[in-house]
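What follows is a single structure, written as structure tokens, with notes after it.
The values are calculated or read from the model by the stated rules, or taken from the named source; none is laboratory data. Being a predicted model, the structure only gives us computed values, none of them experimental. Note that we place each Cβ from the backbone using ideal geometry, even for glycine, and neighbour counts take in every protein chain shown. The accessibility values were calculated without ligands, DNA or RNA, using every heavy atom of the protein model including side chains. Shrake-Rupley method; radii C 1.70, N 1.55, O 1.52, S 1.80 Å.
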Amino acid sequence: MQTSAGHGFLPRAPRRPLHAMAAIACGVLMGWLCLADRAIAATADAVAPPGSFAEQSRVLERANAAVVGLRTLAVEGARSAGTLGPAREGSGVVIDEDGTVLTIGYLILEAEQVQIVFDEERVLPARVLAYDTATGFGLVKPLAPLRLPHVAFGTPARTTTQEPLMISSGGPDGTVSAARLLSRRSFAGYWEYHIDGALFTSPPHPNHSGAALFNGRGELLGIGSLRVADAFGPGHPNVPGNMFVPVDLLLPILPELRERGVSAASRRAWLGINCVEVDGEVRVARVSEDSPADVAGVARGDRIVRIDGTEVTTLETLWKSLWSGGAAEREVTLEVRRGNEVQALKLQSVDRMKTLRHARGI
């Protein structure tokens, strides 16, 4: 059987059986509910899953059945291959009757081939429908009917730290695990990325990339992005967990992604630097080859002091100042401290979307 995208494929996707993984997870969730402190369970914002164990098991099994594996191969010469590798694997979740699969964007970034994977022998070819830099979401469209259930969207902002949650990943190595929300806060990534309301859960799920985060009603809350060491956040002991991109960032832009493949917010300035925040300083950890930062002479180890006159002490300040400072393609002034000397460097930012390579025909 051919398994490469664009070649022979199954005319009908196999029906995914209702297996024991979701039932086990459901049992864990129900156990948590039974052991929860009665005072917490009685609070107004505590949300209990619906009905009996059997009913909740069916709800979570249906949600888990909507999660699929993804396998992608980046186009030749992709910039992202240097950090993400050319071949990537993860998960996605079916979100509508047409079989559209929501995933984390870095899995499909600059992808030449996309496969929806059930196991090592059963795959369907697919194509990239959308990649959104601003949120980090990606959409994939199967090239044959999936005939799988689709999920309903939950409300991440209403999810409490008392609620038991379920994380599900797909594909041959798909697993289901129970988790709980530890914190909800803004997140700034080293790769010129920032979102509000990111969801941090624990314990960590082993296959987090594109994994689905569900509440006890089987509603989708977020898509897995990272494993983190500080799920509780600053000022708390380090607890390992995962960061999920909340679906409430998706809903306002979903029609735009379907129609144009990108949101307007993704058309923004890009410098080509990876930065880390250390003790109130923002330092350059990596400079992308032939990027605006590379051309202007930004170097690894530089401390960024100001951007266009705005003092920089956090990644959030750096990225937000960059994106709100004007057109995507413009002159940007970075003041960097190199040793004991402060230098003002002029960079010509570029539209991030214009830097990405695409498969032919996309």
Q: State the number of residues belonging to region 232-248 that are surrounded by fewer than 24 Cβ atoms within 10 Å (Cβ to Cβ) and among the small types (G, A, S).
A: 2
(Q) Being open to solvent by 30 Å² or more (accessible area, probe 1.4 Å) and in a loop (DSSP other than H, G, I, E, B) is the filter here; which residues of region 319-329 pass it? (A) G325, G326, A327, E329
Q | Count - residues of region 250-277 that are of a type in the set (A, V, I, L, M, F, W, C) and open to solvent by 50 Å² or more (accessible area, probe 1.4 Å) | A | 4
(Q) When the residues of region 62-106 are narrowed to those that are of a type in the set (V, I, T) and modelled with pLDDT under 95, which ends up most open to solvent (accessible area, probe 1.4 Å)? (A) T83
Q: Considering only residues that are part of a loop (DSSP other than H, G, I, E, B) and at negative phi, look in region 293-318 and name the one that is most open to solvent (accessible area, probe 1.4 Å).
A: R300
Q: For T201, indicate whether it is touching a residue at least 12 places away in the same chain (Cβ under 8 Å), buried (at least 20 other Cβ atoms within 10 Å of the Cβ) and polar (S, T, N, Q).
A: yes
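The rows are residues; the columns are (1) modelled with pLDDT of 95 or more; (2) small (G, A, S); (3) under 22 Å from H194 (Cβ atoms); (4) more than 21 Å from the chain's Cα centre (by Cα).
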{"position": "S263", "(1), (2), (3), (4)": "yes, yes, yes, no"}
{"position": "G272", "(1), (2), (3), (4)": "yes, yes, yes, no"}
{"position": "R306", "(1), (2), (3), (4)": "yes, no, yes, yes"}
{"position": "E316", "(1), (2), (3), (4)": "yes, no, yes, no"}
{"position": "A327", "(1), (2), (3), (4)": "yes, yes, yes, yes"}
{"position": "V332", "(1), (2), (3), (4)": "yes, no, yes, yes"}
{"position": "Q343", "(1), (2), (3), (4)": "yes, no, no, yes"}
Q) Given the structure, is L257 part of a strand (DSSP E or B) and of a type in the set (A, V, I, L, M)? A) no
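Conditions (1) open to solvent by 30 Å² or more (accessible area, probe 1.4 Å); (2) in a strand (DSSP E or B), marked per residue:
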residue: P145; (1), (2): yes, no
residue: T160; (1), (2): no, no
residue: I167; (1), (2): no, yes
residue: G170; (1), (2): no, no
residue: G174; (1), (2): no, no
residue: R180; (1), (2): yes, yes
residue: S183; (1), (2): no, yes
residue: S186; (1), (2): yes, yes
Q. Can L221 be described as assigned to a strand (DSSP E or B) and in contact with a Gly (Cβ under 6 Å, 6 or more places away or on another chain)?
A. yes
(Q) Restricting to region 112-125, give me the number of residues that are open to solvent by 10 Å² or more (accessible area, probe 1.4 Å) and either of a type in the set (A, V, I, L, M, F, W, C) or in contact with a helix residue (DSSP H, G or I) (Cβ under 8 Å, 6 or more places away or on another chain) (or both). (A) 1
Q. Is it fair to say M166 is under 18 Å from the mean Cα position of the chain (by Cα), farther than 24 Å from T133 by Cα and at pLDDT 95 or above?
A. yes
